[in-house]
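The values are calculated or read from the model by the stated rules, or taken from the named source; none is laboratory data. Please read these numbers as outputs of a predicted model, since none were measured by experiment. So basically every Cβ, Gly included, is an ideal-geometry build from the backbone, and we count neighbours across all protein chains shown.
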Amino acid sequence: MEIRKKLTYQFIAIVALILLVSFLEVYFSFSGTRREEFYDRLASKATMVAQMLIEIDEIDAELLKRIEKNNPLSLPNERIVIYDYLNNVVYSTDEDSALHITLELIDDVRLNDEIRVKQKPFEILGQFYTGP
């Protein structure tokens, strides 16, 4: 093999490796940022819904469901479930019971204030809210 071809192939391999490493770094960096923004959005949405349900006397669960149904900022396949201190469901948009919320999960939320769990195909954010 000629030296010229050998140098050309080495140059191509080095450039390809540098591009691959750069692309992987951008991908993983963006993936982490996307995940954090997603959970931040979930947390603000959960806090807003809990505040509306608990603090505003005129809003009950049915009215809140109608408000959330027409909310353009809702996420696709979004499910919101609110429990009281006795583990009773106060509010839920999970009509088909796709989420499997266990008592252990609820206790973890109470102990840690916030948890993040994957439950295929859902990503769940559990957040402890005590009111104003």
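Screening ARG79 against (1) charged (D, E, K, R); (2) touching a Phe, Trp or Tyr at 6+ places or on another chain (Cβ under 9 Å); (3) farther than 28 Å from LEU111 by Cα leaves a single unmet condition, (3).
Find the residue count for the range 97-132, including only residues that are over 20 Å from LEU53 (Cα atoms) and part of a loop (DSSP other than H, G, I, E, B). The qualifying residues number 8. Take the conditions among the acidic types (Asp, Glu), at pLDDT below 85 and assigned to a helix (DSSP H, G or I) and apply them to GLU62. Does it pass? Judged against the criteria, GLU62 is a match. When we screen VAL81, VAL49, VAL15 for residues that are in contact with a strand residue (DSSP E or B) (Cβ under 6 Å, 6 or more places away or on another chain) and surrounded by 10 or more Cβ atoms within 10 Å (Cβ to Cβ), the only hit is VAL81.
For the range 84-93, the candidate set comprises residues that are at negative phi and not hydroxyl-bearing (Ser, Thr, Tyr); within that set, the residue that is surrounded by the fewest Cβ atoms within 10 Å (Cβ to Cβ) is LEU86. Collect the residues in the range 94-119 that are within 16 Å of GLU78 (Cβ to Cβ) and exposed (fewer than 11 other Cβ atoms within 10 Å of the Cβ), keeping them in residue-number order. Across the range 94-119, the qualifying residues are GLU95, ASP96, SER97, LYS118. Where residues in the range 38-59 are within 18 Å of TYR129 (Cα to Cα) and not in a helix (DSSP H, G or I), which of them is modelled with the lowest pLDDT? Restricting to residues being within 18 Å of TYR129 (Cα to Cα) and not in a helix (DSSP H, G or I), the top hit is ASP57.
If I filter the range 67-82 for residues that are more than 18 Å from GLN127 (Cβ to Cβ), in contact (Cβ under 8 Å) with a residue 12 or more places away in the chain and of a type in the set (Val, Ile, Thr), do I get at least one hit? Within the range 67-82, one or more residues are more than 18 Å from GLN127 (Cβ to Cβ), in contact (Cβ under 8 Å) with a residue 12 or more places away in the chain and of a type in the set (Val, Ile, Thr).
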